[in-house]
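The values are calculated or read from the model by the stated rules, or taken from the named source; none is laboratory data. Small disclaimer: the values here were computed from a predicted structure and weren't measured. Every residue, glycine as well, gets a Cβ built from its backbone with ideal geometry; the counts of neighbours run over all protein chains shown. What goes into the accessible areas is simple: the full protein's heavy atoms, side chains included, and nothing from ligands, DNA or RNA. Shrake-Rupley method; radii C 1.70, N 1.55, O 1.52, S 1.80 Å.
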Amino acid sequence: MNLKDYIRDVPDFPEPGILFRDITPLLADPDAFNFAVAQLAEQCSEPDFDVVVAIESRGFIFGAPLARELGKPLIPVRKAGKLPAERHAVEYDLEYGSNVLEIHTDAIQQGQRALIVDDLLAIGGTLSAASQLVEDCGGEVARLAVVIELAFLDGRSRLAGRDVVSLIQY
């Protein structure tokens with residue numbers, strides 16, 4: 001199955017000059033969505049890891065069924081002000097702005113290895129921030145996994161040689 005067939009291009013969203021890669025057609029097709037999750041599970045079963053860390057919000061869509069499929073705990077990384085307990089926070093840059101991500105300070109135990117999941121790798125800011133949060137908790141990043149990678153933006157260069165898996169590259 002060619003997953004690119006289920007990605008819609010939306011020009012000038014969220015602002016002029018941005019070509020948004022929309023995953024909603026993929027989500028609307030049960031076979032394509034199941035295939036994407038199965039592909040992530042296959043590509044992420046190694047190296048060994050202890051937890052799946054999913055990034056708000058579209059990372060939750062793929063991280064939750066992936067954690068279930070792999071039998072691992074799911075740890076949410078959320079935007080600022082959404083988590084109720086004590087938390088670590090990291091500010092990061094996007095292609096068109098900045099944001100803050102947070103994780104509960106007790107979400108990951110010292111030495112636990114994490115698979116971090118999101119829908120998209122663009123310039124690497126979100127995945128870099130999530131990696132920092134895992135490390136702030138005392139964990140290690142085993143792998144980063146995304147559905148779409150915008151390779152022309154060279155986000156991997158910002159991820160300090162981390163192991164990255166992507167299902168679709170543009």
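Suppose a student asked you for the relative contact order of the range 1-134, using Cα pairs under 8 Å spaced at least 6 residues apart; what percent would you report? Please list the in-between numbers first.
Working: 209 pairs, mean separation 28.0, N = 134.
For the range 1-134, the relative contact order is 21 percent.
Rounded to the nearest 20 Debye, what is the dipole magnitude of the range 83-168 about its Cα centre when Lys and Arg each give +1 and Asp and Glu each give -1 at the C-beta? Can you show the working numbers first?
Details: 6 positive and 14 negative charges, 50 e Å.
The dipole of the range 83-168 has a size of about 240 debye.
Run the numbers for Leu74 and Glu86: contour at 0.36 nm per residue of separation, minus the present Cα-Cα distance, in nm. Can you show the working numbers first?
Values: separation 12, 0.36 × 12 = 4.32 nm, distance 1.78 nm.
The Leu74-Glu86 span can extend by a further 2.5 nm.
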Open item on the list: Can you show me the helix-derived [θ] at 222 nm for the chain, built from DSSP H runs with n ≥ 4 at -39,500 (n - 2.57) apiece and divided by the number of residues, rounded to the nearest 500.
Closed with: -8000 deg cm²/dmol
Task: Portion, in percent, of the accessible area of the chain that falls on carbon or sulfur, probe 1.4 Å - done: 46 percent
- [ ] Using the Cα centre as the reference, give the magnitude of the dipole from point charges on the C-beta atoms of the range 26-127 (Lys, Arg: +1; Asp, Glu: -1; all else neutral), rounded to the nearest 20 debye.
- [x] 300 debye
Open item on the list: Under a crude label model (7 Å from the Cα following the beta-carbon direction), how far is Asp48 from Phe152 in nanometres?
Closed with: 4.2 nm
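So between Asp31 and Asp136, what do we pick up on full extension, going 0.36 nm a residue minus the alpha carbon distance?
Details: separation 105, 0.36 × 105 = 37.80 nm, distance 3.74 nm.
Length gained, Asp31 through Asp136: 34.1 nm.
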Open item on the list: What distance in nm separates the two pseudo spin-label positions at Asp163 and Arg113, each 7 Å out from Cα along the beta-carbon direction?
Closed with: 0.6 nm
- [ ] For the range 92-124 and the range 131-170, write down the distance between their C-alpha centroids in whole Å.
- [x] 9 Å
Task: Test item: Cα-centred dipole of the chain, Lys/Arg +1 and Asp/Glu -1 on Cβ, debye - done: 160 debye
Task: Charge context of His104, other residues only, Cβ under 15 angstrom, K/R +1, D/E -1 - done: -2
Open item on the list: Below 8 Å, C-alpha to C-alpha, sequence gap of six or more: please give me the relative contact order for the range 50-112 in percent.
Closed with: 30 percent
Open item on the list: Out of the trypsin sites (Lys or Arg not before Pro) in the range 27-113, which ones are loop residues according to DSSP with at most 15 other C-beta atoms within 10 Å?
Closed with: Lys82
TODO: Using a 1.4 angstrom probe, figure out how much accessible area the chain has per residue, in square angstrom, rounded to the nearest whole.
DONE: 48 Å²
- [ ] For Kirkwood radius over Cα pairs in Å, several values are listed as (1) 16.1; (2) 17.4; (3) 18.9; flag the one computed from this structure.
- [x] (1)
Open item on the list: Loop-only chymotrypsin sites (Phe, Trp or Tyr not before Pro) in the range 40-134, please: DSSP not H, G, I, E or B, and at most 13 other Cβ atoms within 10 Å.
Closed with: Tyr96
Task: 3J(HN,Hα) from dihedral phi, the range 22-38, Karplus parametrisation 6.51/-1.76/1.60, rounded to Hz, x for glycine, proline - done: 8, 8, 4, x, 5, 5, 6, 10, x, 5, 5, 5, 4, 5, 4, 5, 5
